[in-house]
Amino acid sequence: MEFFYRELRRKHRVLMDADEPAGGAWNFDAENREAFGKNGPADAETPLGFAPDATTREVLTLVQDRFAKHPGSLARFDWPVSPDQARAARLRAALGIRSRAQHRTAPAKNGVDYDSVSLEILTPYPL
């Protein structure tokens, strides 16, 4: 994956200074590998959740009816569904990631991937 991302950065001129990576390095993984303790990060925040509104409940019912045999569950669906909710969720997730930057690529010892906990809510909502 390392070289794939390098090629994308070159192709799309992302985080590049001329032909060199911005900051002088392709990545800083070695600096982001501090391990979490056995219970994960002490300051891990729960991603923001939002109570489904009437439209969302209607869509959840439709999805359940049409895709009941598919894997997964909507029982705890609390994702943002409006632009304002998405911005709030993105900001909270981004702040949480920044505060734990040294742990971003470190797996927890108890098997929980805390990086994806924040990134799962961050990724779908571009700035």
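The values are calculated or read from the model by the stated rules, or taken from the named source; none is laboratory data. This structure is a prediction, so every number in the text was calculated from the model and none was measured. Using ideal geometry, Cβ is built from the backbone for each residue, glycine included, and neighbour counts are taken over all protein chains shown.
If you scan region 1-37, which residues turn out to be at pLDDT below 75 and in contact with a Lys or Arg (Cβ under 6 Å, 6 or more places away or on another chain)?
Within region 1-37, just N32 meets the criteria.
May I ask you to list the residues in region 53-101 that are among the polar types (S, T, N, Q), at pLDDT below 90 and either more than 30 Å from N27 (Cα to Cα) or surrounded by 15 or more Cβ atoms within 10 Å (Cβ to Cβ) (or both)? Lay out the reasoning, then the answer.
First pass over region 53-101, keeping only residues among the polar types (S, T, N, Q): 55-56, 61, 64, 73, 82, 85, 99.
From what is left, the residues that are at pLDDT below 90 are 73, 82, 85, 99.
Answer for region 53-101, where residues must be among the polar types (S, T, N, Q), at pLDDT below 90 and either more than 30 Å from N27 (Cα to Cα) or surrounded by 15 or more Cβ atoms within 10 Å (Cβ to Cβ) (or both): S73, S82, Q85.
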